[in-house]
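The values are calculated or read from the model by the stated rules, or taken from the named source; none is laboratory data. In this text, all values refer to a predicted model and were calculated from it rather than measured experimentally. Positions of Cβ are backbone-derived with ideal geometry, glycine not excepted, and every protein chain shown enters the neighbour counts. Remember, those area values only see protein heavy atoms, side chains included, never the ligands or the DNA or RNA. Shrake-Rupley method; radii C 1.70, N 1.55, O 1.52, S 1.80 Å.
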Amino acid sequence: MHVEVRKVDDVVIVDLKGKLTAGLGDQILRDTLDELLAESWRKILLNLSEVTFLDSAGLGELVAGLKTARKFGAELKVVKASERVKTTLSLARLLPVFEVYEDEAEAVRQFAAS
């Protein structure tokens with residue numbers, strides 16, 4: 001798992017690449033989200049376009065990240081989830097839990113609208 005963080009206005013975009021799985025992948029996501037929340041970022045967009053695999057630990061970390069973000073008064077949204085990731089979220093009945101967008105610019109605009 002590789003993570004790159006970039007900013008668009010007051011939204012921080014986290015580009016995830018690789019496998020979001022037990023071990024290093026889920027830990028990297030947790031550490032990244034914890035650091036962003038500690039830095040007072042309240043609009044976080046996870047770009048999952050290059051996540052090639054998502055297991056139950058990765059799912060758990062996405063849900064934990066969403067709960068932690070909400071606890072800190074932050075919003076966490078998802079953009080460009082691959083079909084494989086969307087299928088995994090759907091099978092786990094988690095797709096409705098996340099706001100998922102196909103277009104990054106639209107996702108960024110939705111932060112301002114909410």
Whole-number percent relative contact order across the chain, with pairs defined as alpha carbons under 8 Å at least 6 apart:
25 percent
Lys pairs in the chain with Cα under 24 Å (8 or more apart in sequence, or on separate chains) total 26
At q = 0.28, 0.32 Å⁻¹, what is the log10 ratio I(q)/I(0) for region 35-79, with the Debye formula run over Cα points and no solvent?
-1.07, -1.18
Using a Gaussian network model of the chain with C-alpha springs under 10 Å, which one of VAL63, VAL85, VAL100 is most mobile by mean-square fluctuation?
VAL63
Looking at the chain, do any whole DSSP H helices span at least 18 angstrom along their long axis by alpha carbon and average -1.0 or above on Kyte-Doolittle, and which?
24-38, 56-71
Would you mind calculating the gained length between ARG30 and GLU50 on full extension (0.36 nm times residue separation, minus the Cα-Cα distance), in nm to one decimal?
5.4 nm
Largest-first ranking of VAL108, VAL8 by accessible area, probe 1.4 Å, whole protein assembly kept, is VAL8, VAL108
Per its Cα gyration tensor (rounded if a/c is under 1.5, else prolate when a/b beats b/c, else oblate), region 1-53 is best filed as oblate
Could you compute the FRET efficiency for ASP103 and ALA38, with r as their C-beta to C-beta distance and R0 at 35 Å, rounded to 0.05?
0.75
Region 11-88 shape via C-alpha gyration tensor axes, a/c threshold 1.5:
prolate
Enumerate the amide H contacts of LEU46 below 5 Å, restricted to partners 5 or more residues apart or on another chain; note that Pro and chain-start residues carry no placed amide H.
VAL14, LYS77, VAL78, VAL79
